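Participant: Here's a structure for you.
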Number of protein chains: 2
Amino acid sequence: MKSTAISALHVETVKQSRIDQVDFDNLDFGKVFTDHMFVCEYKNGSWQTPTIKPYQSISLDPSASVFHYGQAVFEGMKAYKDAEGQILMFRPEDNLDRINKSAKRMAIPEFPKEYFFEGLEALLKLDTDWIKSGAGNSLYIRPFVIATEAGVRASAAQEYMFFIICSPAQSYYGGEVRVKIEEHFSRAASGGVGYAKAAGNYGGQFYPTQLAAKEGFQQIIWTDAKNHEYVEEAGTMNLFFRINDTLVTGPTSDTILDGITRKSLIELARHNNITIEERPVKVTELVEAAKNGSLKEMFGAGTAAVINPIKGFGFRDERFELEDVPNSYASLFKKQLTDIQYNLDADPFEWRYLVK
Amino acid sequence: MKSTAISALHVETVKQSRIDQVDFDNLDFGKVFTDHMFVCEYKNGSWQTPTIKPYQSISLDPSASVFHYGQAVFEGMKAYKDAEGQILMFRPEDNLDRINKSAKRMAIPEFPKEYFFEGLEALLKLDTDWIKSGAGNSLYIRPFVIATEAGVRASAAQEYMFFIICSPAQSYYGGEVRVKIEEHFSRAASGGVGYAKAAGNYGGQFYPTQLAAKEGFQQIIWTDAKNHEYVEEAGTMNLFFRINDTLVTGPTSDTILDGITRKSLIELARHNNITIEERPVKVTELVEAAKNGSLKEMFGAGTAAVINPIKGFGFRDERFELEDVPNSYASLFKKQLTDIQYNLDADPFEWRYLVK
């Protein structure tokens, strides 16, 4: 894979925008997409001329590899608009690094940095009217790569397509969240693809999550597949636990996603002089802490929800509810993080990325 | 999901067959497809009218779930033609059962039996000229289901498409096969989706297999993700070992595919009064058996290759080569199995399925 070439981005714009048909006050997450998309094909051993074109259907042979062998990876990012109308992103280089790390594990060629940023920025500027300023408003950005080669031989494809599609989003609130600590099903094997944002990691969670929903849980806390002894992640969020005044989160590994919100929270905690421990967290430790009252908060961290407080959890036949705390870490971090994202406060970490 | 309805299969045929463009003596596996395909959509909570139509591209929204969350399962089957021109299949009910088992784990609605057999048989009869008689010739049949609903929310889709596509195949011979016993990467977690023919299980194997190829191995023998202590499967084949005159294969589990060729071989072994043991097989046992000469044969069993002899294996820094044996079980089973499949011998097990 060559990553030295500078692309001659080809841009084809829509004749008529669809933006007037969209009710920005009542957005269903991930259902409406902007006028344009970014597309780049990989064939004959290299990425071809990247293109921005009107958002439209993809036409693929029924034998295309993605349909059969799941060679597909993605990212989730957001763009924000500040009061002056500037477009901002949050640590986008990390998303590119991660999609390429995911791609490598799935035998997909890495995507060149120049193509990515040139395409992404041009797309955001072209669809700038879809990015609304104001608290909670954002543009959810979904880069993804799929194997498109026709043929059902089970081996890595020789042809791929890299896309960026964008969907306007409002502040994410899915209601009170209670989670089930899962001991039967597993999300990822040690030595597997759990650390990658590989498509199949997500599809494999839907059935266990549906079963948990029947028991009244909105999400699952996955535990290690070996012995179900340690807490891993929640599938679309990394997990944080406040035990007394110490914040605890599991270490990243080959079964846990290296979340960008996760690592930002770790830095923010240090910045706030909050003791943060990255270490294996035993299920029994959580249960014990819930019982003795030292478990003050639990929350998930991820791009879509930013920080998602967890109200309670179930483990085997027991249910635990957390009391509201006055000086919530989740609220503190959410405010500090979104103030940086929306350009409402200083950015001592240099996380903001201005689209010029 | 309703499975009681009898479909009114809709058939649209090609105006001009592509069969004259195909060189049936030089087929690349899984690259050429027959004139028609079977398609059935799932929406509004039920499978719609199934259709046979000319083989053609699929058009999907870029946000379709299969591209992002890997909700996709498949099967591999074969049709054969005997000397009298009859079309035969091999235990096709088992493939339907398995795709529905896979579907359930991936939160995909099950497909009705009536639709499946009506569609499959009509398709085979319509494309009968693509099924060549003669040793080794077959039609490889690929049923698959993909999540097609547009939208990037990470939850089970509400819309799906079920397809059957068919590709003419010759006798499969991929050259001498040597395998690597893998101790770093893993294929499947206990509690995961390894027993399902879920798309992501395959894409996750390509990178480790590429690394093994650099060391001179054609395939990987996966071991359990917990301790890499027991042999599991080869990713597209179940594994059999002949130790002295006893045939040994690992038990099926939630990390190992319940192979139809595998279970047929177990029955065939019993029929031949060969001692067969279904039990966990330790890596150390294989290494020991290879060293002391009691490991007489290794082979893989799967639909595509039927039986694929394994010439040698690598474990850590050691390489083991197997001597040819005169009374090979692999050769015996392959002849008995293909004689049944091609209607060259009696079928005491009632495995053949005649398409009328």
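The values are calculated or read from the model by the stated rules, or taken from the named source; none is laboratory data. Treat the numbers as computed from the prediction; the structure is a model and nothing was measured. Every residue, glycine among them, receives a Cβ derived from its backbone with ideal geometry; neighbour counts consider all protein chains shown.
Participant: Based on what the data block shows, is B:PHE315 hydrophobic (A, V, I, L, M, F, W, C) and closer than 27 Å to B:MET89 by Cα? Steps first, please.
Facilitator: Details: hydrophobic (A, V, I, L, M, F, W, C): yes; closer than 27 Å to B:MET89 by Cα: no.
So B:PHE315 does not fit the description; no.
Participant: Further question: Within the stretch B:102-117, track down each residue that is touching a residue at least 60 places away in the same chain (Cβ under 8 Å), out of contact with any strand residue (DSSP E or B) (no Cβ under 8 Å at 6 or more places or on another chain) and assigned to a helix (DSSP H, G or I).
Facilitator: B:LYS113, B:GLU114
Participant: Filter the stretch A:225-243 down to the residues that are part of a loop (DSSP other than H, G, I, E, B) and either more than 9 Å from chain B (Cβ to nearest Cβ) or among the aromatic types (Phe, Trp, Tyr) (or both) and list them by number. Full working, then the answer.
Facilitator: So in the stretch A:225-243, the residues part of a loop (DSSP other than H, G, I, E, B) come out as A:225-229, A:232-237.
The answer is A:GLU229, A:GLU232, A:GLU233, A:ALA234, A:MET237.
Participant: Moving to a separate point now. Taking the stretch A:114-141 on its own, how many of its residues are crowded, with 22+ Cβ neighbours inside 10 Å and of a type in the set (D, E, K, R)?
Facilitator: Qualifying residue count, the stretch A:114-141: 1.
Participant: Sticking with this structure for a sec: Which of the residues spanning the stretch A:280-318 are touching a strand residue (DSSP E or B) at 6+ places or on another chain (Cβ under 7 Å), outside any loop (DSSP other than H, G, I, E, B) and among the aliphatic types (A, V, I, L, M)?
Facilitator: Result: A:VAL283, A:LEU286, A:VAL287, A:ALA289, A:ALA290, A:LEU295, A:MET298, A:ALA301, A:ILE307, A:ILE310.
Participant: If B:VAL283 meets every condition in (1) over 21 Å from B:ALA213 (Cα atoms); (2) in contact (Cβ under 8 Å) with a residue 24 or more places away in the chain apart from one, which number is that one?
Facilitator: (1)
Participant: Give me a count of the residues in the stretch B:145-165 that are under 23 Å from the mean Cα position of the chain (by Cα) and either more than 10 Å from chain A (Cβ to nearest Cβ) or surrounded by fewer than 23 Cβ atoms within 10 Å (Cβ to Cβ) (or both). First the steps, then the outcome.
Facilitator: At the first step, the residues of the stretch B:145-165 found to be under 23 Å from the mean Cα position of the chain (by Cα) are B:145-147, B:160-165.
Next cut, either more than 10 Å from chain A (Cβ to nearest Cβ) or surrounded by fewer than 23 Cβ atoms within 10 Å (Cβ to Cβ) (or both) only: B:160-163.
Final tally of qualifying residues: 4.
Participant: Of everything in the stretch B:33-56 that's facing chain A (nearest Cβ under 9 Å) and assigned to a loop (DSSP other than H, G, I, E, B), which residue is surrounded by the fewest Cβ atoms within 10 Å (Cβ to Cβ)? Break it down stepwise before answering.
Facilitator: Step one: of the stretch B:33-56, the residues facing chain A (nearest Cβ under 9 Å) are B:33, B:37, B:39, B:55-56.
Checking the rest, the ones that are also assigned to a loop (DSSP other than H, G, I, E, B) come to B:33, B:55-56.
Working: B:PHE33: 24, B:TYR55: 17, B:GLN56: 13.
This residue is B:GLN56.
Participant: All but one of (1) under 29 Å from A:ALA301 (Cβ atoms); (2) within 14 Å of chain B (Cβ to nearest Cβ); (3) outside any helix (DSSP H, G or I) hold for A:SER59; which doesn't?
Facilitator: Going through the list (1) under 29 Å from A:ALA301 (Cβ atoms); (2) within 14 Å of chain B (Cβ to nearest Cβ); (3) outside any helix (DSSP H, G or I), A:SER59 breaks only (1).
Participant: Can you name every residue in the stretch A:66-85 that is out of contact with any Phe, Trp or Tyr (no Cβ under 9 Å at 6 or more places or on another chain) and not acidic (Asp, Glu)?
Facilitator: Within the stretch A:66-85, the first condition is being out of contact with any Phe, Trp or Tyr (no Cβ under 9 Å at 6 or more places or on another chain), and the residues that meet it are A:84-85.
Selection gives A:GLY85 alone.
Participant: Which of the following residues is within 13 Å of chain A (Cβ to nearest Cβ) and either crowded, with 21+ Cβ neighbours inside 10 Å or at pLDDT 95 or above (or both): B:GLY250, B:GLY259, B:GLY204?
Facilitator: Values: B:GLY250 fails: within 13 Å of chain A (Cβ to nearest Cβ); B:GLY259 fails: within 13 Å of chain A (Cβ to nearest Cβ).
Residue meeting the stated conditions: B:GLY204.
Participant: Let me ask another. Against the conditions (1) under 15 Å from A:ILE310 (Cβ atoms); (2) in a strand (DSSP E or B), where does A:GLU277 fall short? Just the number, please.
Facilitator: (1)
Participant: I want to confirm something. Restricting to the stretch B:78-101 and keeping residues that are in a helix (DSSP H, G or I) and not acidic (Asp, Glu), which single residue is nearest to B:GLN336 (Cα to Cα)?
Facilitator: Pass one, the stretch B:78-101, residues in a helix (DSSP H, G or I): B:92-101.
Filter again for not acidic (Asp, Glu), leaving B:92, B:95-96, B:98-101.
Working: B:PRO92: 18, B:ASN95: 21, B:LEU96: 24, B:ARG98: 24, B:ILE99: 26, B:ASN100: 29, B:LYS101: 29 Å.
Looking at the filtered set, the residue picked out is B:PRO92.
Participant: Given the residues B:ALA213, B:ALA225, which is the only one that is of a type in the set (A, V, I, L, M), at pLDDT 95 or above and surrounded by fewer than 24 Cβ atoms within 10 Å (Cβ to Cβ)? Even if it seems obvious, please write down each step before you answer.
Facilitator: Numbers: B:ALA225 fails: surrounded by fewer than 24 Cβ atoms within 10 Å (Cβ to Cβ).
Just one listed residue meets the conditions, B:ALA213.
Participant: A further question follows. Could you tell me whether any residue of the stretch B:255-264 is in the same structural domain as B:GLU183 (by TED's automatic domain parsing), more than 20 Å from B:LEU337 (Cα to Cα) and in a helix (DSSP H, G or I)?
Facilitator: Filtering the stretch B:255-264 for residues in the same structural domain as B:GLU183 (by TED's automatic domain parsing) gives B:255-264.
Then drop every residue that is not more than 20 Å from B:LEU337 (Cα to Cα), which leaves B:255-256.
Narrowing further to those that are in a helix (DSSP H, G or I): none.
Checked against the condition, which is being in the same structural domain as B:GLU183 (by TED's automatic domain parsing), more than 20 Å from B:LEU337 (Cα to Cα) and in a helix (DSSP H, G or I), the stretch B:255-264 yields no hits at all.
Participant: Tally time: how many residues in the stretch A:166-201 are within 9 Å of another protein chain (Cβ to nearest Cβ) and either in contact with a Gly (Cβ under 9 Å, 6 or more places away or on another chain) or part of a strand (DSSP E or B) (or both)?
Facilitator: Residues of the stretch A:166-201 within 9 Å of another protein chain (Cβ to nearest Cβ): A:167, A:182-194, A:196, A:198-201.
If we keep only those that are either in contact with a Gly (Cβ under 9 Å, 6 or more places away or on another chain) or part of a strand (DSSP E or B) (or both) as well, we get A:167, A:182-189, A:192-193, A:196, A:198-201.
So the count comes out to 16.
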